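The values are calculated or read from the model by the stated rules, or taken from the named source; none is laboratory data. All figures in this text were calculated on a predicted structure; none of them were measured in a lab. When we count neighbours, we look across all protein chains shown, and the Cβ atoms used for this are built from the backbone with ideal geometry, even at glycine. These area figures cover heavy atoms from the full protein model, side chains too; ligands, DNA and RNA do not enter into them. Shrake-Rupley method; radii C 1.70, N 1.55, O 1.52, S 1.80 Å.
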Amino acid sequence: MHTTRRQLLLGTAGTLAAAALPRPAQALFADADAGAEALLTRTAEAFLKLYPENATSLGIDKGKRAQLKHQLADRSAAGQRKIAAHLRQTLADLGKLDAAALSPIMRTNVEVVQASYGNGLEGFGFGYGDVAVGSWRNTPYVVVQNVGAYLDVPRMLDTDHQVKTREDADAYLDRVESYAEQLDSETERLQLAAAKGVIAPDFLIDKALRQLKIARGGNTAGWGLVTSLANRTAGMEGDFGNAAWMLANDKVAPALDRQIAELERHRKRATPDAGVWKFKDGDAYYAWALRAGTTTTMSPDEVHRMGLDQLRTIQAEMDTILEGLGYTQGSVGARMTALGKDPRFLFPDNDQGRAEILKLLNDRIADIRKRMPQAFNTLVDGNVEVRRMPPEEEPGAPGAYGGAGSIDGTIPGKFWINLRTTGLHTRYSLPTLSYHEAIPGHVWQGEYAFKLPLIRTLLSFNAYSEGWALYAEQLAGELGVYDDDPVGRLGYLQSIGFRACRLVVDSGLHAKRWTRKQAIDWFVETNGSSEEEVAGEVDRYCSWPGQACGYKVGHSEINRLRDRAKAALGPRYDFKAFNDALVLGGNVPMTVLGHVVDRYIAARKG
């Protein structure tokens with residue numbers, strides 16, 4: 001089932017019409033574009049002040065923005081209201097622009113901000129959880145197994161916060177102090193959420209408490225938060241390691257204790273009910289989360305059916321390959337379960353196995369990098385390193401995730417791999433995972449965003465980000481990586497089928513009142529994934545409603561647009577030029593992506 005034009009959200013007919021017009025003289029749009037550009041520039045700077053960590057991850061926390069390196073986002077209730085006020089005012093200012101006077105490119109820039117900010121403002125209206133402004137993860141829970149400062153800040157300080165000078169080290173210390181404040185701010189918001197009856201399921205709280213206690217455990221002098229700075233300032237004048245230890249011991253540890261105590265109070269009231277349907281406004285919340293996660297107006301029932309329909313198509317191809325390999329008995333899921341237990345495809349569950357996984361991933365990235373000129377005319381660096389997730393994060397994290405690094409290349413993109421057990425991965429599933437997270441997936445696509453206006457670099461949409469990453473897996477296959485590897489092709493198809501299953505499970509949990517066990521059992525039996533992998537995935541869908549649905553919805557829409565371009569252009573269609581159009585147009589809602597493709601078609605027609 002494909003999304004329809006009726007179901008697509010966040011676009012206007014005006015942009016499509018403008019895209020189809022012959023390119024006018026630049027002077028026609030110059031004055032209006034200049035005014036819009038100035039507004040978008042101010043918006044970007046205001047956004048960075050609200051989310052200073054973004055300046056650090058992009059490597060632009062220097063010069064006139066140097067003070068941002070000393071700061072963290074305000075996670076208090078008051079801070080959330082300040083963000084909502086920024087969204088409201090910016091939308092009002094953008095609404096005063098004369099859209100008809102803008103060039104098609106500038107109109108797209110404006111529409112992207114309006115879409116992102118409009119989604120975010122609607123989310124803030126619920127009054128609980130975290131709202132992903134310009135990002136991919138909305139959650140009704142302030143702190144849970146994969147949400148919270150206790151996960152975000154230590155990792156950011158270790159991997160993104162550069163320490164080259166004493167000023168950098170001082171900024172790090174300021175952020176450690178702000179980290180303690182963030183923890184208390186979240187604890188306050190946990191209390192406010194509990195008063196509204198918004199309490200995470202008991203199984204998620206149990207995971208979060210285990211992870212928080214890992215973060216809190218041990219001698220504070222040995223915390224990564226402390227040793228990261230101590231190691232990087234060795235030989236530098238001033239005892240920064242000791243200063244970090246004092247802050248960790250006197251401020252961060254007590255704040256973690258308070259957060260743990262609050263979550264333990266939540267645990268006493270928690271139930272095993274997995275979905276947001278249990279909230280007073282749960283149906284409305286899930287409808288919003290689906291809109292935000294897919295940039296469509298698809299209903300839970302439509303999402304559910306789409307997953308089942310696409311899974312049948314995917315598994316038909318898997319069935320043929322499995323029969324060719326001698327796996328003829330049982331469902332596709334049962335046969336994939338059997339394949340996943342074959343010792344040929346497993347790793348030792350020890351440090352040797354972890355090293356083998358890291359080598360396999362790096363080898364696949366090196367191979368696919370050489371193939372990129374076959375898929376794109378415009379290339380980026382694909383600056384990426386494969387890293388193991390921090391141990392305190394692994395119990396509640398998915399199997400992997402990734403993203404681009406800094407604009408100037410000093411901070412490489414990251415492909416974070418969960419190695420709590422090597423049983424999460426097989427030799428035939430990891431190649432596809434590398435294409436999804438690194439090249440030509442998240443890291444690769446993210447670097448194209450660096451060429452756009454800053455506000456466009458800062459804002460992204462889940463359906464595009466994850467739809468592109470699935471398309472990246474598809475591209476790898478089209479570039480021949482599985483030509484002599486039918487088992488690898490099965491790994492790819494299982495990955496795509498996995499995302500179709502997500503449509504079914506996410507909507508099942510949050511709209512059809514599935515239990516956690518029901519979701520896990522269905523997933524394992526249907527896709528042949530391991531229970532170890534699936535349990536963590538289902539927990540993720542419980543805490544991030546709607547996010548998992550963006551993958552297959554976005555991927556399907558990209559392919560629908562590609563088919564449209566092929567039909568419209570015939571022999572003028574060019575594989576590399578189409579891929580360029582997708583990435584150079586930037587991260588956009590699905591309807592705006594349609595406008596980008598329309599401009600590509602018009603340009604190719606001449």
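Some values worked out for this structure:
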| item | result |
| --- | --- |
| Residue in segment 125-135 that is over 23 Å from the mean Cα position of the chain (by Cα) and open to solvent by less than 40 Å² (accessible area, probe 1.4 Å) present | no |
| Close pairs (9 angstrom Cβ cut-off, 6 or more residues apart or separate chains): among the polar types (S, T, N, Q) in segment 39-65, surrounded by fewer than 16 Cβ atoms within 10 Å (Cβ to Cβ) anywhere | T43/D93 |
| Selection count where residues are aliphatic (A, V, I, L, M), within 25 Å of W416 (Cα to Cα) and open to solvent by 50 Å² or more (accessible area, probe 1.4 Å), scope segment 324-357 | 2 |
| Qualifying residue in segment 457-465 (condition: outside any loop (DSSP other than H, G, I, E, B), touching a residue at least 12 places away in the same chain (Cβ under 8 Å) and under 24 Å from K341 (Cβ atoms)) | no |
| Wholly enclosed helices (runs of 4 or more DSSP H) of segment 247-324 bearing at least 1 residues of a type outside the set (F, W, Y) and closer than 22 Å to A548 by Cα | 282-294, 300-324 |
| Sole exception among (1) under 27 Å from L493 (Cβ atoms); (2) under 16 Å from the mean Cα position of the chain (by Cα); (3) outside any helix (DSSP H, G or I) for C549, by number | (3) |
| Scan of segment 527-562 for residues that are open to solvent by 30 Å² or more (accessible area, probe 1.4 Å) and either modelled with pLDDT under 95 or farther than 30 Å from E478 by Cβ (or both), ordered by number | S530, E531, E532, E533 |
| Candidates R312, R258, R291, filtered to the one that is touching a helix residue (DSSP H, G or I) at 6+ places or on another chain (Cβ under 6 Å) and either without any contact (Cβ under 8 Å) to a residue 24 or more places away in the chain or open to solvent by 50 Å² or more (accessible area, probe 1.4 Å) (or both) | R258 |
| Subset of segment 410-439 [over 26 Å from S530 (Cα atoms), in contact with a helix residue (DSSP H, G or I) (Cβ under 9 Å, 6 or more places away or on another chain) and in a loop (DSSP other than H, G, I, E, B)] | I411, P412 |
| Total residues in segment 215-246, condition hydrophobic (A, V, I, L, M, F, W, C), over 15 Å from V153 (Cα atoms) and in a helix (DSSP H, G or I) | 6 |
| Exclusive hit being more than 28 Å from V143 (Cα to Cα), in a helix (DSSP H, G or I), of a type outside the set (S, T, Y) and open to solvent by 10 Å² or more (accessible area, probe 1.4 Å), set A565, A581 | A581 |
| Segment 78-90 - residue that is aliphatic (A, V, I, L, M) and more than 24 Å from the chain's Cα centre (by Cα) and, of those, nearest to R175 (Cα to Cα) | A78 |
| Failed condition for N362, given (1) without any contact (Cβ under 8 Å) to a residue 40 or more places away in the chain; (2) more than 23 Å from C501 (Cβ to Cβ); (3) outside any helix (DSSP H, G or I); (4) of a type outside the set (K, R) | (3) |
| Count of segment 222-234 residues which are touching a residue at least 24 places away in the same chain (Cβ under 8 Å) and either closer than 16 Å to A149 by Cβ or open to solvent by less than 50 Å² (accessible area, probe 1.4 Å) (or both) | 6 |
| Test: residue in segment 384-396 that is open to solvent by 40 Å² or more (accessible area, probe 1.4 Å), acidic (D, E), part of a loop (DSSP other than H, G, I, E, B) and at pLDDT 95 or above | no |
| Where a residue in segment 235-250 is at negative phi and its partner, wherever it lies, is open to solvent by less than 90 Å² (accessible area, probe 1.4 Å) and outside any helix (DSSP H, G or I), with Cβ under 7 Å and at least six apart | F240/T233; G241/T233; A248/W223 |
| Pairs, first open to solvent by 10 Å² or more (accessible area, probe 1.4 Å) in segment 585-599, second β-branched (V, I, T), C-beta under 6 Å, six or more apart | G585/V596 |
| Restricting segment 469-480 to residues that are of a type in the set (A, V, I, L, M, F, W, C) and farther than 14 Å from A548 by Cα, the residue that is nearest to the chain's Cα centre (by Cα) | A472 |
| Positions within segment 492-533 being of a type in the set (V, I, T) and part of a loop (DSSP other than H, G, I, E, B), in sequence order | T515 |
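Condition check ((1) open to solvent by 30 Å² or more (accessible area, probe 1.4 Å); (2) at pLDDT below 95; (3) outside any helix (DSSP H, G or I); (4) closer than 30 Å to E188 by Cα) across all residues:
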site	(1), (2), (3), (4)
E45	yes, no, no, yes
R75	yes, no, yes, yes
K82	yes, no, no, yes
T90	no, no, no, yes
L94	no, no, no, no
Y117	no, no, no, yes
